[in-house]
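The values are calculated or read from the model by the stated rules, or taken from the named source; none is laboratory data. Keep in mind the model is a prediction, meaning the values are calculated, not measured. All Cβ positions, even for glycine, are placed from backbone atoms using ideal geometry, and neighbour counts span all protein chains on display. These area figures cover heavy atoms from the full protein model, side chains too; ligands, DNA and RNA do not enter into them. Shrake-Rupley method; radii C 1.70, N 1.55, O 1.52, S 1.80 Å.
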Amino acid sequence: MSFQIDNSTHFIYNWTFQKYSTLGFEAMLTHLFTFVSLLIASLILLWLIHFVVRRVLIKFTTEFTKRSKTKFDDYLLKNKVFANLARLIPLYIFASLIPVLFSGFPGGVVFTEKFVEILLIINWTILVISVMKSIRDYLGDKESFRGKPLDSYLQVANIFLFFIAGILIFTTFTGQSPWAFLTAMGAASAVLMLVFKDTILGFVASIQVSTNDMVRVGDWIEMPKYGADGDVIEINLNTVKVQNWDKTITTVPTYYLITDSFKNWRGMQNSGGRRIKRALNIKISSIHYVSPEELKELKKIKLLQNYIDQRQEEIDAYNAEHFPDRTMPVNGRNMTNIGLFREYINQYVKIHPGIHKDMTIMVRQLSPTEHGLPIELYMFTADVRWVVYEGIMSDIFDHLLAAIKFFNLETFEAPASDDMRSIGKALNPKVLPD
């Protein structure tokens with residue numbers, strides 16, 4: 001096999017080859033030594049170029065980002081955009097050296113050029129992805145994009161980019177047109193749809209979630225079916241991560257937000273008020289008409305003074321016209337202790353600093369049950385934070401439970417074990433001794 005050097009061969013390869021020829025090696029071995037020597041020298045040179053370019057580029061951009069007012073260049077540096085850019089320069093230089101390195105082995109030029117082209121495609125893909133990550137991070141700081149599923153958009157863009165890169169690698173490696181690759185993909189579409197079923201469903205769901213503004217990062221959602229009750233911390237193409245209140249993480253497939261029901265508390269958080277909907281169960285046997293003596297005592301409650309005076313005038317005028325005989329209390333209208341207590345609650349919560357005055361404030365009776373008569377408080381706190389909300393609600397019910405005895409009312413509670421023992425002892429003292 002002849003390994004003659006063409007006159008047009010690069011002078012570096014020619015000079016190196018001549019130096020090894022003086023050592024008396026065979027032509028093939030001389031070509032091999034020349035190739036290996038130049039390859040090692042090229043790799044060292046490329047490494048030095050990459051090292052210098054990376055250090056200079058990163059140092060310059062780091063200093064620039066410190067002085068720059070915008071945060072976009074900070075994200076470019078964080079996502080290694082400049083480091084990925086520095087890696088392209090040695091690859092292009094190496095691509096230009098391939099004809100020199102393979103002067104003695106012309107058959108290796110085509111394969112090596114294809115290999116380097118594939119490396120360039122991969123590195124360009126990585127560079128574009130790092131730029132898109134920087135755009136995602138930059139937009140994530142904007143108020144108009146806060147809570148949007150930017151990770152889902154990025155993953156969709158990445159899939160499209162990988163698809164384009166795959167076509168380019170296929171055409172580079174095989175030398176065939178992109179249509180051949182697309183034809184092969186069409187034949188395998190059924191398999192691909194099966195393999196990427198979750199990804200396709202997640203992609204469609206992400207678009208619907210974003211378009212309809214159903215969920216944002218930071219929203220409090222509830223999905224009891226999947227044990228999710230907490231803040232959304234991440235929305236991507238396939239999953240939604242929810243950090244529950246016990247700090248555990250629940251991962252829910254994105255398309256379940258479309259197919260299943262869930263509760264989003266964003267409306268409550270944005271409204272500025274959080275609902276209280278809790279009842280006091282009043283023992284029905286403690287409800288009665290208020291006697292003049294009780295009414296005189298209840299008028300000492302400042303919040304009820306005006307109400308009692310106005311109400312008493314209305315009742316007296318009505319009864320004088322329609323029920324002159326008041327020997328039987330049920331003849332005519334009377335004030336009850338439960339009615340006065342309900343009005344007291346209404347007046348009390350209206351002046352409470354923790355209750356939202358621009359939202360519904362209602363104190364109402366519910367249907368009586370075997371547990372008594374429920375008096376429900378329906379209103380909204382002026383603070384939506386969980387701890388503050390619980391504190392306001394507890395403060396209100398602490399006060400009402402303590403105040404109820406001044407209305408000669410009792411709250412319902414089931415008999416405890418000591419109550420049953422007391423009853424048993426009263427019925428038969430000899431059986432249950434002290």
Item to complete: Please turn the phi angles of the range 256-271 into ³J(HN,Hα) values with the Karplus equation 6.51 cos²θ - 1.76 cosθ + 1.60 (θ = phi - 60°), one per residue in order, whole Hz, x for glycine and proline.
Response: 5, 5, 8, 8, 10, 8, 8, 10, 10, 8, 4, x, 5, 5, 6, 6
Response to the item:
Per the 1/(1 + (r/R0)^6) rule, R0 = 60 Å and r from the Cβ atoms of PHE163 and PHE397, FRET efficiency to 0.05 is 0.50
Worksheet item: Which entries in the list LYS241/LYS350; LYS277/LYS405; LYS197/LYS263; LYS247/LYS350 go over 31 Å, if you measure between the two C-alpha atoms of each?
Response: LYS241/LYS350; LYS247/LYS350
Worksheet entry | For the range 309-423: accessible area per residue (Å², 1.4 Å) | 60
Worksheet entry | Reachable lysines, given that their alpha-carbon falls under 19 Å from the alpha-carbon of LYS78 and they are not under 8 places away in the same chain | LYS59, LYS66, LYS69, LYS133, LYS142
Discussion item. What distance in nm lies between label points placed 7 Å from Cα along the C-beta direction at LEU57 and ARG385?
Written reply: 4.7
Worksheet, complete the sentence: For ALA279, the residues 5 or more places away or on another chain with a placed amide H closer than 5 Å to its own amide H are LEU377
Worksheet item: Which FRET efficiency value, to the nearest 0.05, do you get for LEU303 and THR248 by plugging their Cβ-Cβ distance into 1/(1 + (r/R0)^6) with R0 = 35 Å?
Response: 0.20
Fill in: Sulfur and carbon atoms: percent of accessible area, the range 242-377 [1.4 Å]
50
Practice prompt. Report the accessible area of ARG87, computed with a 1.4 Å probe over the heavy atoms of all protein chains in place, in Å² rounded to the nearest 10.
Written response: 80
Worksheet item: Which chymotrypsin sites (Phe, Trp or Tyr not before Pro) from the range 306-403 combine a DSSP loop assignment with at most 12 other Cβ atoms within 10 Å?
Response: none
Fill in: List LYS59, LYS197, ordered by accessible area with a 1.4 Å probe, largest first
LYS59, LYS197
Practice prompt. With a cut-off of at most 14 other beta carbons within 10 Å, and DSSP calling the residue loop, which GluC sites (Glu not before Pro) in the range 349-429 qualify? Please list them.
Written response: GLU370, GLU413
